[in-house]
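What follows is a set of notes on a single structure, which appears directly below.
The values are calculated or read from the model by the stated rules, or taken from the named source; none is laboratory data. Just so it is clear, the structure is predicted and the values come from calculations on it, not from any experiment. Cβ placement follows ideal geometry from the backbone for every residue including glycine, while neighbour counts extend to all protein chains displayed. What goes into the accessible areas is simple: the full protein's heavy atoms, side chains included, and nothing from ligands, DNA or RNA. Shrake-Rupley method; radii C 1.70, N 1.55, O 1.52, S 1.80 Å.
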Amino acid sequence: MSQAAPAPDFAPERQEHPPVASAWWAPVARLDWEEHSAHNIALTACGLGIALGAGACVGVWQGWTHAGVFGVYVAVVAAYHMLEYLGVALYNPERVELGSFMFNPDVGNGY
């Protein structure tokens, strides 16, 4: 008579977590603004997209009042920073970094 195969163990294996992830307040992604990583680029672009959309909405809803002109200004500045990063990423990919969004101007040379 043949022996029966052992019953499968459906309990998940315990995996060791990194020390940071063992705390309940551990962030999903580290926000190191000096690091050129995909999540930092996505968060920066998302913030700029929200600013662009909000500025465009204020500009359309308020018309040519002071608030409307300021909304258009915010939208144009956000678009500039996004296009600056996109231009560097497309035409000079070996030099692209998080600073290519041009938030911090060069002290000696201005923008």
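At a glance:
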item	result
Condition check for Leu48: at pLDDT below 85 and of a type outside the set (Gly, Ala, Ser)	no
Any pair with Cβ under 8 angstrom, 6 or more apart, that starts in the range 84-111 at a residue that is farther than 14 Å from Ala45 by Cβ and at pLDDT 75 or above and ends at one that is open to solvent by less than 40 Å² (accessible area, probe 1.4 Å) and part of a helix (DSSP H, G or I)	Arg95/Val88
Residues satisfying the stated conditions in the range 88-99, i.e. in a helix (DSSP H, G or I) and loosely packed, with under 13 Cβ neighbours inside 10 Å	Leu90, Tyr91, Pro93, Glu94, Arg95
Given (1) assigned to a helix (DSSP H, G or I); (2) exposed (fewer than 15 other Cβ atoms within 10 Å of the Cβ), number of the condition Trp64 does not satisfy	(1)
